[in-house]
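Chemist: Below are the structure tokens for one structure; questions will follow.
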Amino acid sequence: MTTFLLNDSIINTDAHPGTTLLDFIRYRQVLPGTKIGCREGDCGACTVLEGRMDEEKLHYRSIVSCLTPLGNAHGKHIVTVEGINMDACSPVQQAMVDQNGTQCGFCTPGFIMSLTGHTMAYEPSEEKSAIDSVNGNICRCTGYKSIERAAISISKMLKDKNPKDPLNWLIQHHFLPSYFKEIPERLSKIKNHQNANTEVQQIIGGGTDLMVQKPDAVAESSLNLFFDRSDLKEIRRENDQIMIGSAATANDIMHSEILNNLFSDLKKHYKLISSDPIRNMGTLAGNIVNASPIADLSIFFLALGANLLLDKDGKERELPLKDFFLGYKQMNLKKGEYIKSVFFPLPVEPLGFNFEKVSKRTHLDIASVNSAAYVKTEQNTITECRLAVGGVSPVPLFLMESSAFLIGKKLNADTLREAVNVLNNEIAPISDVRGSKEYKRLLARQLFFAHFIELFPDHFSLQELLR
Ligand SMILES: Cc1cc2nc3c(=O)[nH]c(=O)nc-3n(C[C@H](O)[C@H](O)[C@H](O)COP(=O)(O)OP(=O)(O)OC[C@H]3O[C@@H](n4cnc5c(N)ncnc54)[C@H](O)[C@@H]3O)c2cc1C
Ligand code: FES
Ligand code: FES
């Protein structure tokens with residue numbers, strides 16, 4: 001049984017937990033404000049808000065309902081555009097009207113939900129963050145300038161918002177209906193999910209890969225819902241290691257205080273990954289086990305020298321992430337085994353880590369080629385080096401030979417140019433929709449140079465490296 005609040009109503013349903021939340025909302029609850037566009041997480045027409053209690057506070061975030069398995073709604077408050085309607089337009093809705101942010105209106109509920117989600121954050125609004133909040137929404141007719149103007153005007157209206165207690169402020173200022181006040185108490189009455197299945201087969205995290213690849217199979221399988229398992233969510237420092245629970249999402253990682261203290265460019269790097277709603281849903285283990293050759297998180301953690309903690313019936317084993325990928329979509333993962341956590345050695349100061357990604361669009365696109373590098377130097381000699389590159393082999397590739405080649409070498413342009421020869425022998429790109437094999441080879445070299453230019457700006461320029 002899945003129990004949750006949908007707008008102002010309590011839902012108790014025995015519908016299959018693998019049904020999409022979108023279909024449940026539209027067809028079983030007959031709430032047609034949430035639109036069906038791509039059903040692949042790309043367009044944002046189906047965006048809703050997911051509210052959940054965390055450390056006694058009610059947090060809302062945007063998600064795409066087309067990829068959310070219904071079971072992941074358990075214990076939450078799901079808000080559709082109908083759930084924020086009041087007698088008059090809310091200031092968010094009115095801003096879209098005033099700025100001519102809507103034409104055919106098909107995308108509009110999705111934009112409204114993303115912008116409303118932005119108003120609910122426990123932090124002050126900035127114009128840029130207001131605009132960023134719609135990075136998962138596509139509009140075919142209006143053009144984005146009017147929607148950006150609406151976002152900016154909403155941000156201005158929030159200047160007096162109390163970031164410590166945003167929901168009360170929003171209710172008082174008619175951004176939200178008053179029933180939001182009772183949500184924490186109503187959620188506290190919902191009991192934790194009991195996994196009814198004893199014979200559980202299919203693990204599912206956020207569903208952002210599985211629900212795209214095999215939605216019909218998910219809707220029929222017995223599911224093991226990992227997304228809300230609190231024992232798999234934590235991010236913590238353990239002595240000289242960082243441990244990340246396998247169900248931590250890309251946005252949990254992006255906004256983690258511990259990780260931001262270590263990686264000053266973390267937010268810049270993670271902005272290159274999908275969109276806000278997808279980062280709110282996609283988990284670290286999901287990214288690794290999906291084993292796409294261009295998986296951004298896999299590439300990121302390969303360069304950090306990450307290890308996996310795997311568990312089967314309480315029996316644990318550790319495995320370097322670089323040994324997990326055996327071939328295209330083949331992994332060193334036994335039947336019934338799952339990833340419990342991912343951990344990596346605390347990087348040494350000063351941090352020599354960089355992540356790069358090239359895709360056809362800057363945002364909400366998967367990579368043609370992506371790459372990460374961890375480089376340490378002492379007295380102009382490379383003492384540690386871990387390089388990873390995606391999109392140039394059947395797996396997210398740890399560049400074993402190129403990394404080993406660089407260790408002990410002087411940090412200069414000749415070394416890097418020689419390393420490119422090693423790199424070229426280590427990769428085997430193929431031509432596909434994301435680019436020809438020659439283009440990807442070129443990108444792998446450029447990103448390799450980009451790491452060193454970024455990490456050692458006083459040493460290198462692209463002109464010099466290409467000479
Ligand atoms: C619109 C869109 C944009 C995207 N953009 C990007 C992008 O820019 N970069 C990128 O890298 N990816 C991108 N993705 C892919 C996806 O979001 C990520 O790979 C995400 O991290 C998958 O996590 P999930 O929890 O949603 O996986 P799910 O779909 O829930 O699961 C994926 C696989 O992992 C398995 N699994 C999940 N958790 C565990 C566990 N703990 N142990 C063992 N197996 C487990 C599942 O059984 C399944 O086989 C995008 C996807 C969409 C829909
Ligand atoms: S329908 Fe396009 S993102 Fe859900
Ligand atoms: S108003 Fe028509 S798609 Fe956005």
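Chemist: For a Förster distance of 30 Å, can you work out the FRET efficiency between the beta-carbons of I10 and E123, rounded to the nearest 0.05?
Modeler: The value I calculate is 0.50.
Chemist: What's the angle, to the nearest 10 degrees (0 to 90), between helix 413-426's Cα axis and the longest principal axis of the chain?
Modeler: Between helix and principal axis, roughly 70 degrees.
Chemist: Let me ask something else. Counting only other residues whose beta carbon sits under 12 Å from that of S256, what net charge do I get with K and R as +1, D and E as -1?
Modeler: Working: positive: K233, R236, R237, K267; negative: E234, D252, E257.
Every neighbour counted, the sum reads +1.
Chemist: Can you pull a Stokes-Einstein diffusion coefficient for region 310-467 at 20 °C (1.002 mPa s), Rh from Kirkwood over Cα pairs, as a whole number of µm²/s?
Modeler: On the way: Rh = 17.1 Å.
Estimated via Stokes-Einstein, D reaches 126 µm²/s.
Chemist: Which of the trypsin sites (Lys or Arg not before Pro) across region 168-255 are loop residues per DSSP, with 12 or fewer other Cβ within 10 Å?
Modeler: Values: sites: K181, R186, K189, K191, R229, K233, R236, R237; in loops: K189, K191, R229, K233.
Hits after loop and neighbour filter: K189, K191.
Chemist: Take the residue pairs K376/K440; K271/K315; K57/K271; K233/K329 and return only those whose Cα atoms are more than 29 Å apart.
Modeler: Correct reply: K271/K315.
Chemist: Another question, if that's okay. Using only the alpha-carbon atoms, what does region 91-176 span along each of its principal axes? Please give whole angstrom values in decreasing order.
Modeler: Its Cα atoms span 37, 22, 17 Å along the three principal axes.
Chemist: Rounded to the nearest Å, what's the spacing between the alpha carbon centres of region 365-441 and region 66-87? Just the number, please.
Modeler: 43
Chemist: What is the sum of charges, Lys and Arg at +1 and Asp and Glu at -1, for the other residues whose Cβ falls under 10 Å from the Cβ of M243? It would help to have the intermediate numbers written out before the result.
Modeler: On the way: positive: R236, R237, K340; negative: E234, E238.
Value of the local net charge: +1.
Chemist: Which order do peptides 273-284, 252-263 fall in by mean Cβ count within 10 Å, highest first? Spell out each step's value before the answer.
Modeler: On the way: 273-284: 26.0, 252-263: 16.7.
Listed from highest to lowest mean packing, they are 273-284, 252-263.
Chemist: Name the residues of region 389-410 whose amide N is less than 12 Å from a point 7 angstrom out from the Cα of F456 along the C-beta direction?
Modeler: Only 406-410 pass the distance filter.
Chemist: What list of ³J(HN,Hα) couplings, whole Hz, do you get for region 229-242 from phi and the Karplus terms 6.51, -1.76, 1.60, once you set θ to phi - 60° and write x for glycine and proline?
Modeler: My calculation for region 229-242 gives 6, 5, 6, 10, 10, 5, 10, 8, 8, 10, 6, 9, 10, 10 Hz in order.
Chemist: Percent of alpha carbon pairs in the chain separated by more than 38 Å? Spell out each step's value before the answer.
Modeler: Numbers: 29683 of 108811 pairs.
Beyond 38 Å sits 27 percent of the P(r) for the chain.
Chemist: Please turn the phi angles of region 439-455 into ³J(HN,Hα) values with the Karplus equation 6.51 cos²θ - 1.76 cosθ + 1.60 (θ = phi - 60°), one per residue in order, whole Hz, x for glycine and proline.
Modeler: 4, 5, 5, 4, 4, 4, 5, 4, 5, 4, 5, 4, 4, 6, 5, 5, 7
Chemist: Which value at 222 nm does the chain reach when only helices count, each DSSP H run of 4 or more adding -39,500 (n - 2.57), with the total divided by all residues and rounded to the nearest 500 deg cm²/dmol? It would help to have the intermediate numbers written out before the result.
Modeler: Working: 18 runs with 143 residues, N = 467.
Only helices count here, giving -8000 deg cm²/dmol.
Chemist: Toward the positive end of the charge dipole of region 354-466, about the Cα centre and with charges on Cβ (Lys, Arg +1; Asp, Glu -1), which of L423, G391, F448 goes farthest?
Modeler: Result: G391, furthest along the dipole toward the positive end.
Chemist: What pairs from K128/K164; K268/K360; K35/K159 go past 22 Å between their alpha carbons? Intermediate results must be reported in sequence, preceding the final value.
Modeler: Numbers: K128/K164 20 Å; K268/K360 18 Å; K35/K159 31 Å.
From K128/K164; K268/K360; K35/K159, over 22 Å: K35/K159.
Chemist: So, one more: When ranked by the protection proxy of mean other Cβ atoms within 10 Å per residue, highest first, what sequence do the peptides 319-331, 436-448 form?
Modeler: Values: 319-331: 16.2, 436-448: 18.8.
The densest-packed peptide leads the list: 436-448, 319-331.
Chemist: If you don't mind, another one. Starting from the amide H of A45, placed 1.01 Å from N in the peptide plane, find each other amide H under 5 Å away whose residue is 5 or more places distant or on another chain.
Modeler: G37, C38, I138
Chemist: Any idea what the dipole of region 416-467 comes to, in debye rounded to 20, about its Cα centre with Lys/Arg Cβ at +1 and Asp/Glu Cβ at -1?
Modeler: On the way: 7 positive and 7 negative charges, 48 e Å.
It comes to approximately 220 debye.
Chemist: Whole-Hz ³J(HN,Hα) for each residue in region 117-134, computed from phi via Karplus 6.51 cos²θ - 1.76 cosθ + 1.60 with θ = phi - 60°, x for glycine and proline: what do you get?
Modeler: Result, ordered by residue: x, 4, 5, 8, 5, 7, 8, x, 7, 10, 4, 5, 5, 5, 5, 4, 5, 9 Hz.
Chemist: Note the full-extension length gain between K315 and N168 as 0.36 nm times their separation in residues minus their Cα-Cα distance, in nm to one decimal.
Modeler: Working: separation 147, 0.36 × 147 = 52.92 nm, distance 4.69 nm.
Roughly 48.2 nm would be gained on extension.
Chemist: May I pose another question? Non-local amide H neighbours of L364 (under 5 Å, H modeled in plane, Pro and chain starts lacking H): which ones?
Modeler: So L364 has HN proximity to S274.
Chemist: Something else now. Output the pairs from K267/K357; K191/K340; K76/K156 with a Cα-Cα distance over 22 Å in this structure; if there are none, say none. Intermediate values should be presented prior to the final figure.
Modeler: On the way: K267/K357 14 Å; K191/K340 24 Å; K76/K156 30 Å.
The pairs that break the limit, which is 22 Å between Cα atoms, are K191/K340; K76/K156.
No lab work stands behind these numbers, since they all come straight from the coordinates. All values derive from a computational prediction rather than experimental measurement. When we count neighbours, we look across all protein chains shown, and the Cβ atoms used for this are built from the backbone with ideal geometry, even at glycine.
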